[in-house]
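Notes for the one structure printed next.
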Amino acid sequence: MSQSLRTLHGPLSVRRQTQPLAGAARPPGDKSISHRALLLNALAVGRARVTGLLEGEDVLAMAAALRALGAGVAREDGPDGPVWTVDGVGLHGWHEPADVLDMGNSGTAARLLAGAIAGARITAFMTGDASLRKRPMARVIDPLSRMGARFVARAGGRLPLAIQGALEVAPLDYASPVASAQVKSAILLAGLAAPGLTVVTEPAMSRDHTERMLARMGAEIVSGPGPDGGWRVALAGQPELTAIDIDVPADPSSAAFPMVAAVITPGSDVRLDHVGLNPARAGLIETLLEMGARIEILNRRESGGEPVGDLRVRGSALTGVVVPAARAASMIDEYPILAVAAATASGVTHMPGIHELRVKETDRIAAMAKGLAAAGVAVEEAPDALTVTGAASVRGGVTVSAELDHRIAMSFLALGLIAEQPIVIDDAAPIATSFPSFIGLMEGLGVTFEAAS
Ligand code: S3P
């Protein structure tokens, strides 16, 4: 029996659309910027108003942790939607949480908070869900230990984790082996408490929301090209951070799902409003344009210190491409949905240089390869690459495991829009971590979901 669903739990399915997608929608607030809007303001002095915040489970876990650490974080309904206020307590105002901090599914919340706690004179304990407890934390534990913090973790540097902040934080000059905004941000947040310059270089520029926000709050922070084609960020420690109001743009990583849904569903014409267009996040749009997608960027403007615009997206015939490995950091969360677009393209789409996908909410290379193959798509998996050969039609008729990963769940629901037989995901619940309004937004564009058993 088919029914309209507004809640996310249990199996969910989509069958081939008989109508094109149409209409306009504003995707939810940017997850990365939402985390930082709460956390950085909690480290600043003064009251900040945050609008457009993503009220997904990941960000709510951050809000709860910040309250437990002594910051004032509250929500009220305003005339134009919810307004979050953050009463920052300053760099040294955090207190020891009375209980374990539960970061749920969120790697960003766990790693950024680990950095901030490393720079505070407190001890805290942190855990997360079954997915987060498998994810590598050594990438932040190693540099933060060098700055003077102490950690006790499970084997391999996994959560649960005990963190003892440094009494005197040492500034660090760190060459990160991975292009990771979580690693970079964790070090910069600890570096806020250090007397002197903290420097992070990364092999390629990762998203720079932390740097933009810290600069707006009054920190001295400079970034630019680093050695060997990499990226370098330098922060002067012990700044006076002033709370700032932030209007969070819509998340390009969430907009990616209705965007690709419209591109692959013939005849579609959809507008997605107020979408973040930070160049460090815009790799999917660039790639889809190269594949022949009809995407127009309208009304380019600035909001909350970030470039934004409205996107007009139309159903398009796609051609496979090689996605340059150097672009990976700017679309790291978008490869699962790009693989879905690639399944409908003529020819081969090769996606190299994406080994980081193996340590996301699940191993996304493996999860996509397995689900696409089961749905009848020709796909090849390599240790750090995915290659998809598109076809005029996709068989479908499978149940795919979401593996506690919101982006895997939404990607396969998007594939269901064009598959001959329905695609079922075993559990829609993970979608609430980043896109709690997913079903309502997609229904508004004309998509019909069915509860599956
Ligand atoms: C994020 C950084 C990225 C991204 C994640 C959010 C952030 O992870 O995949 O969804 O907000 O800093 P890495 O830092 O591990 O690349």
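Can you compute the radius of gyration and Dmax for the range 376-424, using only the Cα atoms, both in Å?
Rg, Dmax (Cα atoms, Å): 11.5, 30.
For the range 162-214, with the dipole built from +1 on Lys and Arg beta-carbon atoms and -1 on Asp and Glu ones, taken about the Cα centre, which of Val169, Ala193, Ser180 lies farthest toward the positive end?
Of the candidates, Ser180 comes out farthest on the positive side.
Could you let me know the centre-to-centre spacing of the range 393-452 and the range 127-164, using Cα atoms, in angstrom?
32 Å
Please give the Cα centre distance for the range 166-193 versus the range 317-364, rounded to the nearest Å.
Result: 29 Å between the Cα centres.
Apply the a/c threshold of 1.5 to the C-alpha gyration tensor of the range 31-246 and tell me whether it is rounded, prolate or oblate.
It comes out rounded by the Cα gyration axes.
Any idea which of Ala256, Gln19, Ala37 is furthest toward the positive side of the dipole for the chain, if Lys and Arg beta-carbons carry +1 and Asp and Glu beta-carbons -1?
It is Ala256.
Counting pairwise Cα distances across the range 150-240, what percent come out greater than 18 angstrom?
Percentage above 18 Å: 47.
Taking every pair of distinct Cα atoms and averaging 1/r, then inverting, what Kirkwood hydrodynamic radius in Å comes out for the range 102-179?
12.4 Å is the Kirkwood radius here.
Okay, which of the range 109-131 sit inside 12 Å, backbone N to the point 7 Å along the Cα-Cβ direction of Ser145?
No residue passes the distance filter.
Once the dipole of the range 1-133 is set up with Lys and Arg at +1 and Asp and Glu at -1 on Cβ about the Cα centre, which of Thr51, Leu69, Phe125 lies farthest towards its positive end?
Thr51
In percent, what relative contact order does the chain have, based on Cα pairs under 8 Å that are 6 or more apart in sequence?
For the chain, the relative contact order is 21 percent.
At Arg312 and Ala24, where each label point lies 7 Å from the Cα along Cα→Cβ, what is the point-to-point distance in nanometres?
A separation of 1.1 nm, rounded to one decimal place.
Can you tell me, using C-alpha contacts under 8 Å and at least 6 residues apart, the relative contact order of the range 31-246 as a whole percent?
It rounds to 20 percent for the range 31-246.
With only alpha-carbon atoms in the gyration tensor, what are the semi-axes of the equivalent ellipsoid for the chain, in Å, largest first?
Over the Cα atoms of the chain, the semi-axes work out to 36, 22, 21 Å.
What is the gain in length, in nm to one decimal, between His9 and Arg67 on full extension, counting 0.36 nm per residue of separation less the C-alpha to C-alpha distance?
Answer, rounded to one decimal: 18.1 nm.
Going highest first, how would you order 66-73, 262-269, 154-161 by mean Cβ packing within 10 Å?
262-269, 66-73, 154-161
Bear in mind these aren't lab numbers, they're just calculated from the coordinates by the rules spelled out. It should be emphasised that the depicted structure is a prediction, and the values quoted were computed from it without experimental measurement. Methodologically, a virtual Cβ is constructed for each residue, glycine included, from the backbone with ideal geometry; neighbour enumeration extends over all protein chains shown.
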